[in-house]
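The values are calculated or read from the model by the stated rules, or taken from the named source; none is laboratory data. Quick caveat, the model's predicted, so the values are computed rather than measured. FYI the Cβ positions are ideal-geometry reconstructions off the backbone, even for glycines, and counts take in every protein chain you see.
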Amino acid sequence: MSNEFLRKTLCLIPARKSSKRIKKKNKKIINGKPLIAWTIEFAKNNFKPDNIYVSSDDEDILKISRKKKVNFIKRPKKFSNSRSKSIDVVKHFLNKIKSNNFENIILLQPTSPFRRQKTLKKIISTYIRNNLNSIVTVSKNIKDKKNRFYIDESFRLCRKKTNLIVRINGNLYLTKIKYLEKFSRIYEKNSKVCITNNTLESLDIDINKDWTFLKKNKMYLGLI
């Protein structure tokens, strides 16, 4: 990753306090650390610390962020409930920090704690080489109809039914800030995708079954 790209890229970790199915999941302890700590550490290993921010309404997560020496944005209640949209959280963040000096934003969800630097490098390389507006990670394993899409032969999201159905897994989102601000979208309707075939990397913790899977594979945190 070039220094120029890193200098112009913000890294946002959104982590609200409440969660419906798994209570306080972003700060639940796994392998001796709060869940969110694994994502913060990945961010610190790959991005400029001054460009890393956690957005949350949770004072405990604020303390974790301070301990990990990353920036923190206090999120208003109106952007911190189950109906809140990710795009509103991101736009609130961008307005707060006055993002004029930055060109890109990458989102890392704490609920996808298994990440590969190899995948990150592939996404950034594809993004820069093709001058993309957005790129997202997807998985072939479909849990339900939520975040379910078709992709075409050029590995882009599409409306037309194809043989390849995927779901956006929340592991990585990379977007041009100008595109996001203009269209109020984190990714394009025909966004380029990166398929994560690794089961661990595709994990998006939403239900108790996901947490059980995480506990069974906790020895791989920070290692895959």
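If I filter region 35-44 for residues that are out of contact with any strand residue (DSSP E or B) (no Cβ under 7 Å at 6 or more places or on another chain), closer than 25 Å to Leu223 by Cα and either in a strand (DSSP E or B) or aromatic (Phe, Trp, Tyr) (or both), do I get at least one hit? Within region 35-44, one or more residues are out of contact with any strand residue (DSSP E or B) (no Cβ under 7 Å at 6 or more places or on another chain), closer than 25 Å to Leu223 by Cα and either in a strand (DSSP E or B) or aromatic (Phe, Trp, Tyr) (or both). Scanning region 133-153 for residues that are out of contact with any Phe, Trp or Tyr (no Cβ under 9 Å at 6 or more places or on another chain) and surrounded by 16 or more Cβ atoms within 10 Å (Cβ to Cβ) yields a count of 5.
Take Asn198 and tell me if it is without any contact (Cβ under 8 Å) to a residue 40 or more places away in the chain and assigned to a loop (DSSP other than H, G, I, E, B). Write out each step before concluding.
Working: without any contact (Cβ under 8 Å) to a residue 40 or more places away in the chain: no; assigned to a loop (DSSP other than H, G, I, E, B): yes.
In short, no.
Contact map, region 148-170: first residue touching a residue at least 24 places away in the same chain (Cβ under 8 Å) and under 21 Å from Leu200 (Cβ atoms), second residue among the basic types (Lys, Arg) and crowded, with 16+ Cβ neighbours inside 10 Å, Cβ cut-off under 8 Å, separation 6 or more or different chains; pairs are Arg167/Lys143.
For region 47-63, indicate whether the set of residues that are charged (D, E, K, R) and buried (at least 23 other Cβ atoms within 10 Å of the Cβ) is non-empty. Break it down into steps so the answer makes sense when it comes.
At the first step, the residues of region 47-63 found to be charged (D, E, K, R) are 48, 50, 57-60, 63.
Checking the rest, the ones that are also buried (at least 23 other Cβ atoms within 10 Å of the Cβ) come to none.
No: region 47-63 contains no residue that is charged (D, E, K, R) and buried (at least 23 other Cβ atoms within 10 Å of the Cβ).
Scanning region 176-223 for residues that are touching a Ser or Thr at 6+ places or on another chain (Cβ under 6 Å) and small (Gly, Ala, Ser), we see that the one that is farthest from Leu6 (Cα to Cα) is Ser202.
Could you tell me how many of the residues in region 96-146 are hydroxyl-bearing (Ser, Thr, Tyr) and assigned to a loop (DSSP other than H, G, I, E, B)? Here the count works out to 2.
Just so you know, in region 154-187 the residues that are of a type outside the set (Ser, Thr, Tyr), in a loop (DSSP other than H, G, I, E, B) and modelled with pLDDT of 95 or more include one that is surrounded by the fewest Cβ atoms within 10 Å (Cβ to Cβ), and it is Arg185. If you scan region 62-114, which residues turn out to be over 15 Å from Ser184 (Cβ atoms) and of a type in the set (Lys, Arg)? Of everything in region 62-114, those that are over 15 Å from Ser184 (Cβ atoms) and of a type in the set (Lys, Arg) turn out to be Lys63, Arg66, Lys67, Lys68, Lys69, Lys74, Arg75, Lys77, Lys78, Arg83, Lys96, Lys98. A count restricted to region 71-124 and to residues that are among the basic types (Lys, Arg), at pLDDT 90 or above and under 20 Å from Leu6 (Cβ atoms) stands at 5. Tell me, please, whether a residue that is touching a Pro at 6+ places or on another chain (Cβ under 9 Å), of a type in the set (A, V, I, L, M) and in contact (Cβ under 8 Å) with a residue 12 or more places away in the chain can be found in region 97-114. Yes, because at least one residue in region 97-114 is touching a Pro at 6+ places or on another chain (Cβ under 9 Å), of a type in the set (A, V, I, L, M) and in contact (Cβ under 8 Å) with a residue 12 or more places away in the chain.
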